Structure formats: C-alpha cells, structure tokens
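S.K.: This structure is in structure tokens; I'll ask about it shortly.
The values are calculated or read from the model by the stated rules, or taken from the named source; none is laboratory data. Quick caveat: nothing in here was measured; it's all calculated off a predicted structure. For neighbour counting, all protein chains shown are included, and Cβ atoms are generated from backbone atoms with ideal geometry for every residue, glycine included. Surface accessibility is based on the protein's heavy atoms, side chains included, excluding ligands, DNA and RNA. Shrake-Rupley method; radii C 1.70, N 1.55, O 1.52, S 1.80 Å.
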Amino acid sequence: MITTGQIIRCKAAVAWEAGKPLVMEEVEVAPPQKHEVRIKILFTSLCHTDVYFWEAKGQTPLFPRIFGHEAGGIVESVGEGVTDLQPGDHVLPIFTGECGDCPHCHSEESNMCDLLRINTERGGMIHDGESRFSINGKPIHHFLGTSTFSEYTVVHSGQVAKINPEAPLDKVCIVSCGLSTGLGATLTVAKPKKGQSVAVFGLGAVGLGAAEGAKMAGASRIIGVDLNPKRFEEAKKFGVTEFVNPREHDKPVQQVIADMTNGGVDRSVECTGSVQAMIQAFECVHDGWGVAVLVGVPSKDDAFKTHPMNFLNERTLKGTFFGNYKPKTDIPGVVEMYMNKELELEKFITHTVPFSEINKAFDYMLKGESIRCIITMGA
Ligand code: NAD
Ligand code: ZN
C-alpha cells in the first residue's frame, strides 16, 4: 500500500497529563513537509529524559505529548528537499541535529548545531511550528523533534542518522541517546590513553556507557563512584574494576580517590547531574595531566565552585553534549563499532516489553530496575 503523501492512522502512546500513565490512542500522522521524513518506528527504548519531562517537575508542562527519543526505524517517505534519505533506509532518529550548514556543523570540534540543537520546549516542527500528530483534528505535541512512542513519526531530516541496514534495530536503537553520550564522553572527549586510570561518577546508563568507553580505550583501572550500592555488581560487566560509595567514607571522595591512585586518576567522567559530584570529579584528577569531563545536567541554580589553583596545577575541566558526536556524521560509526564487535550493546538491555505495555517500562525505570527497556512496536 502506498502511503506517500497520505495521512497515516496508527497507534501512539499519548501522555495526556504529567505523571499519568500513557494511553494507547489511534493518531493521525501527517505527511512529512519540507526537510522532514516520516519514519516507521520498529523499536524504541525509554530514557530518563522522557521520564523527567513526563513528570514535568520544574518545567513548563506541555501536554498532550508523544514522548520517546531513543529508537530505530525505517523511512516511509520523505518531504521536499530531502536528498540524503529515501524510503526503506534504516535510521535512528536523534534528539539533537546536524543541519550541515551552520558554524557548528562546519566546525570539526562542535556538535551544537544552531538550527537543530536540542530544544525541550518545542512542541511542533521547525518548518511551520505545527504538529504532525493529531487526534480528531486536535494537535498532539512533539517531544525533542522525535516522538518515537508512535508507530509512525515525522522528524527533521537533520535529526536522522542513516545506519547500516544489517544492524539489528532492536539493539542499536539504544545508540540514539544515553549510550552514545557516555561512550563519546570517554572516547572522544576524556580520551584516556591505554593503561590509564578512569573514574566514572554515576553508574546509570550514561555512566555505564562511559565505563564501556574506558574499557574500549584500554584503561587499566576503572573506578565507579555511586551512592547506590546496587549499581556496583552490574557495573562490573562494563569494565568497572573498583567501587567507591561516598557515603561509606569520612574523607571527601576526591581524597579517597587520590589515596587509591597515588595522587589522582588520569581521567574522570561525571554522569550524575549532581554539582557536588561534578566538583569531586574535577578535584580527583591528577595534577599535571588529569582531565575531567562533565556530562550530567545540573539543577537550574547550581554553581560550580573550586579553587583556581586546581587549574594552575594543570588539571583540565571539560563538558560535553551527546558525547561530542555529530548525529548524522558520527552515529553511523558507533553502530559500526557494534557490528564489528568492538562494542557490546546487549548488556545494556535489561528488559523488553510490547508497545501495548509501555507503562511497564516507566515502572522499571522509576524503580531503578532497568538500564534500558526495549519497547517493541506493533506488539
Ligand atoms: P541515572 O539516574 O540512571 O544515573 C545517575 C547515577 O548517579 C545514579 O546511579 C545515582 O545513584 C548516581 N548519583 C547521583 N548523585 C550522585 C553523587 N553525588 N555521587 C555519586 N553518584 C551519584 O541517569 P543517567 O540516565 O545515567 O544520566 C546521567 C546524567 O547524564 C543525567 O544528569 C542526565 O541528565 C545526563 N545526560 C546528559 C547528556 C549530555 O549530553 N550531556 C545526555 C543524556 C543524559
Ligand atoms: Zn547546524
């Protein structure tokens, strides 16, 4: 059946209100407009960012909305001006984009595209500000320009990474967000040398991705730091060799780590969102060469405080967004790492649910039981 240019009716999990279970609805998905593609989503997974905006604590709530931003699917049709994608392409929609045309996209160092950089407040498409989703004519808001909790979605072509069609979408869908953020923070930003020590603060999906990157880089010691002792056993699978629970020490964590490593770790990656952990992650790196990378998203009023002497003593502090990966240019390469067996994804996937039971994925995450839960569409 040719659906190009037609409205598609399909199932979507709609969030009508903050914090209330998603409701399976039949939605209408309009055809893609200029520079947009319509994607048939096959697998999606749940990330903390979805839960955070669904709970809508501390932000302007935007409902009804279709959440979801980690996913894999197949292009159904493309809008005007899309030349790099065609129906049948296997793709990962990404929450941030690459227009290819702005100073950031032209820079080798940046992935902070001016046009398509993450925007959590936008509920419509960039082209006309309108939503492509509706129920009985009433628009339903988009989320991060991806809205993957729908059997079909419309995404700006600059937010679509075309990947190897051989790659299993039920695994590589997790490359769209959390995993790549942590992996890239280590591999492309902290860049530990073979044999160096790395501390990872926060052992959620992002931190485990960072630990995996440290393992791939050949780190000799990977010290995991987390307040939740339950995280430790799981983290061993991701190369974490030693654990520090700040609550079990009287000394500041920086000091604990310095004592363990003869003056400090070579690299540290902070994946917590806690400003205390950010300061600790910086102050625990070795003077002379240590590099700390911040990944966690802090609270609105947080301020980072450290003595400037820590910088003069040749410690470096960096921050990164989405592991410094450009979505279209670099993400297909992360998928290739998996295809070449350099990167293992299976161990990140702790649960699987059919689309009709998507609310269970929220329960697993809220209880802290899951790293990633894959949601199978059409089931
Ligand atoms: P998560 O909640 O699954 O994991 C965070 C872990 O940090 C938890 O295990 C928690 O116990 C631990 N933690 C909290 N405070 C701590 C402290 N003071 N010391 C030690 N451990 C502490 O979260 P996640 O999905 O892995 O995401 C981690 C962070 O990365 C979040 O802040 C998220 O918003 C951020 N993030 C950033 C980017 C980016 O591009 N920069 C992208 C995605 C996510
Ligand atoms: Zn750009």
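S.K.: If you bin the C-alpha pair distances of region 35-85 every 10 Å from 0, what whole percents do you get?
M.R.: Histogram of Cα-Cα distances, whole percents per bin: 21, 36, 31, 12.
S.K.: Give the accessible surface of the chain per residue, rounded to a whole number of Å², with probe radius 1.4 Å and ligands, DNA and RNA excluded. Spell out each step's value before the answer.
M.R.: Values: 16260 Å² over 379 residues.
Here the per-residue accessible area is 43 Å².
S.K.: Right, next: Pull out the extension gain between ASP259 and THR83, defined as 0.36 nm times the separation in residues minus the alpha carbon to alpha carbon distance; nm, one decimal. Let's see the in-between values first.
M.R.: On the way: separation 176, 0.36 × 176 = 63.36 nm, distance 5.60 nm.
Roughly 57.8 nm would be gained on extension.
S.K.: Taking a quarter of the surface of the Cα convex hull of region 182-320, what do you get in nm²? Kindly include the intermediate steps, with their values, before the conclusion.
M.R.: Details: hull surface 29.9 nm².
Value for region 182-320: 7.5 nm².
S.K.: Report the gain in length on full extension from LYS194 to LYS251: 0.36 nm times residue separation, minus Cα-Cα distance, nm rounded to one decimal. Before the final figure, lay out the partial values.
M.R.: Working: separation 57, 0.36 × 57 = 20.52 nm, distance 2.96 nm.
Answer, rounded to one decimal: 17.6 nm.
S.K.: Against the longest alpha carbon principal axis of the chain, how many degrees, from 0 to 90 and to the nearest 10, is the axis of helix 327-339 turned?
M.R.: Computed tilt is about 70 degrees.
S.K.: Can you give the FRET efficiency for PHE232 and ASP101, using 1/(1 + (r/R0)^6), R0 = 45 Å, r = Cβ-Cβ distance, to the nearest 0.05?
M.R.: On the way: r = 46 Å, r/R0 = 1.01.
The computed FRET efficiency comes out at 0.50.
S.K.: FRET efficiency for ASP287 and LYS367, Cβ-Cβ distance as r, R0 = 51 Å, nearest 0.05? Don't jump to the answer; show the numbers that get you there.
M.R.: Values: r = 41 Å, r/R0 = 0.81.
So, using R0 = 51 Å, E works out to roughly 0.80.
S.K.: Still on this structure, I have one more. Sorting check: for 155-165, 337-347, 203-213, which peptide has the highest mean count of neighbouring beta carbons within 10 Å, and how do the rest follow? Write down the numbers at each step before the final one.
M.R.: Values: 155-165: 23.0, 337-347: 14.1, 203-213: 28.6.
Put in order of decreasing packing, that is 203-213, 155-165, 337-347.
S.K.: Further question on the same structure: Nearest 500 deg cm²/dmol is fine: what mean residue ellipticity at 222 nm does the chain get from its DSSP H runs of n ≥ 4 alone, each adding -39,500 (n - 2.57), divided by its residue count?
M.R.: Working: 11 runs with 83 residues, N = 379.
Rounded to the nearest 500, it is -5500 deg cm²/dmol.
S.K.: Okay, moving on. Write down the Å³ per residue value for the convex hull defined by the alpha carbon atoms of region 237-312.
M.R.: Working: hull volume 8.6 nm³, N = 76.
It is 113 Å³ per residue.
S.K.: Turning to a different aspect of this structure: Please find the FRET efficiency linking MET339 to VAL51, where r is the Cβ-Cβ separation and R0 is fixed at 30 Å, and quote it to the nearest 0.05.
M.R.: Numbers: r = 30 Å, r/R0 = 1.00.
The value I calculate is 0.50.
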